[in-house]
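Beneath this line is the structure, given in structure tokens, with notes to follow.
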Amino acid sequence: LANPQWGGRFASGPASIMSEINASIGFDKKLWRQDIRGSLAHAAMLQKVGLLTAEEEADIQRGLAEIGREIDAGTFPFSTALEDIHMNIEARLSERIGEAGKRLHTARSRNDQVATDFRLWTRDAIDGLRGQTAALMRSLATRALEHHATPMPGFTHLQVAQPVTFGHHLLAYVEMLSRDDGRLEDARSRLNESPLGVAALAGTSFPIDREMTAKTLGFDRPTANSLDTVSDRDFALELLSALSIQAMHLSRLAEEIVNWASAPFGFVRLSDAFTTGSSIMPQKRNPDAAELVRAKIGRIAGDFIGLLTVMKGLPLAYAKDSQEDKEPVFDAVEAMTLSLAAMDGMIRDLQPNTERMREVAGMGFSTATDLADWLVRELRLPFRTAHHVTGRLVGMAEEKKIDLADLSLGEMQSVEPGINATIFDVLTVESSLASRTSFGGTAPSNVKTQAERWLTSLESA
Ligand code: ARG
């Protein structure tokens, strides 16, 4: 049978494989709320400009409300023959309310309809993800304040480099997440123009009011070019690219948690709620949630590249290729929603082993830079010379298998005669941390200020 919505010029229906490749109802039913919202706004506008009577509009409102209840209740008869959510809802509306339902598609095409629905869905998704991002930032900043003075090793090349505080490390991720939030906010602001009323590709001859529908749907303004509007999926790509970067950040934090929770590091213990056991090794506590968050970048970045590739080379205006826009976005949003929730749970529950972190913070001659800085400050050695002197002292300590602080004054003076006993004051982890007071540095006093600043700004967000 020919499609009831567009079958007028068709003698027979599509091949079954045609229906199968063509239909999007399997995934775009997710847009049903947005589709109903868009139709309500469109109908109100049609009534205002005289294309629908007040009675017809009231029928449409009632019919769409009933359809919403049917979908919610799981009793809506979704049909693959009706291709997508737009025609499923519209056909059902006509079935329920007759003539008025058939008038709803005046001055509208599925091309502006789907663009509108999808923008609304994407906007809601962005709002949800921004809320979750703020929640994770809050959890990180709370733990950072709690641990603003807790020493841990800072690494470069995964070699112990200089002591930092655990709070400082956590706040590094708050900075990343705040840039992620900025990208989401930016994507949202550019997304927020209404496609509704550009119709198939060229606009319409009906005296519609696009300002009105834009306003009803919470858009800042209508889009300005009908050809661009029906073909544009930048809003989806912007979200996917922002999420790719955010997923990369979460992947890095997840990797650190996996490392920290391993026995050789022993820096943190994950809660039972965020670990799994092994079916063979009774002692195991596996960080599966962290590993899965670490992995989600794979599918999210894949979703971005997938849609980017779909859009590449599409001529103006609409082409069915762009129906392939939805699944990557749905997939990435779901993956990010899960990742943010799991990461938030892990961070809240995480128990740092502060003794172990303190111990490793002092390993590997981590205060060697402090020693070199002392030589510059107290003896006015040029930094390069101080670096060389310190290198020799480290070599000496390494040979004797002792820490820098355990070298005797005499041993130190054999390398640099100007050294006196006050040098020992700068060789502890605590003194090193306390000295890093330059703006953005890891001194506990700085970290406390920064954590409090974040918590205050997140409160008002
Ligand atoms: N399901 C379609 C999509 O997602 C709706 C638009 C169809 N438009 C058309 N001219 N066939 O893009």
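Laid out as a table, the results:
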quantity: Mean Cα-pair separation over length for the chain, i.e. relative contact order, pairs under 8 Å, 6 or more apart, %; calculated: 17
quantity: The stretch 248-348 - Kirkwood radius from inverse mean 1/r over Cα pairs (Å); calculated: 15.6
quantity: Exposure rank, largest accessible area first [303, 321, 59; 1.4 Å]; calculated: 321, 59, 303
quantity: Tail weight of P(r) past 15 Å, computed on alpha-carbon pairs of the stretch 320-384, percent; calculated: 75
quantity: Overall Cα dimensions of the stretch 42-134 - principal axes, largest extent first, Å; calculated: 47, 32, 22
quantity: Three-way shape label, the stretch 1-58, alpha-carbon gyration tensor, a/c 1.5; calculated: oblate
quantity: P(r) weight above 39 Å for the chain, C-alpha pairs, percent; calculated: 43
quantity: Kirkwood Rh in Å, taken over all unlike Cα pairs in the stretch 98-147; calculated: 14.3
quantity: Translational D in µm²/s for the stretch 10-95 (Stokes-Einstein at 25 °C, 0.890 mPa s, Kirkwood Rh from C-alpha pairs); calculated: 176
quantity: Mean residue ellipticity (222 nm) of the chain, computed from DSSP H runs ≥ 4 via -39,500 (n - 2.57), nearest 500; calculated: -20000 deg cm²/dmol
quantity: Convex hull volume per residue for the stretch 136-179, taking Cα atoms only, in Å³; calculated: 62
quantity: Overall form of the stretch 296-409 per C-alpha gyration tensor (a/c, 1.5; a/b vs b/c); calculated: prolate
quantity: Beta bridges by DSSP in the chain, antiparallel share as percent, to the nearest 5; calculated: 80
quantity: Karplus-derived HN-Hα couplings along the stretch 120-128 (A = 6.51, B = -1.76, C = 1.60, θ = phi - 60°), whole Hz, x at Gly and Pro; calculated: 4, 5, 5, 4, 4, 4, 4, 4, x
quantity: Under the Karplus curve 6.51 cos²θ - 1.76 cosθ + 1.60, θ = phi - 60°, whole-Hz ³J(HN,Hα) for the stretch 305-314, x wherever Gly or Pro sits; calculated: 5, x, 6, 4, 6, 4, 6, 4, x, 6
quantity: 401, 48, reordered so the largest accessible area comes first (probe 1.4 Å); calculated: 401, 48
quantity: Spherically averaged projected area of the stretch 291-357 from its Cα convex hull (nm²); calculated: 6.0
quantity: Accessible solvent surface per residue of the stretch 335-383, calculated while the other protein chains remain in place, 1.4 angstrom probe, Å²; calculated: 46
quantity: Convex hull of the stretch 176-224 built on C-alpha atoms - directionally averaged projected area, nm²; calculated: 4.1
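The values are calculated or read from the model by the stated rules, or taken from the named source; none is laboratory data. As the structure is a prediction and not an experimental result, all values here were calculated from the model. To get the accessible areas, we keep the full protein, side chains included, count just its heavy atoms, and leave off ligands, DNA and RNA. Shrake-Rupley method; radii C 1.70, N 1.55, O 1.52, S 1.80 Å.
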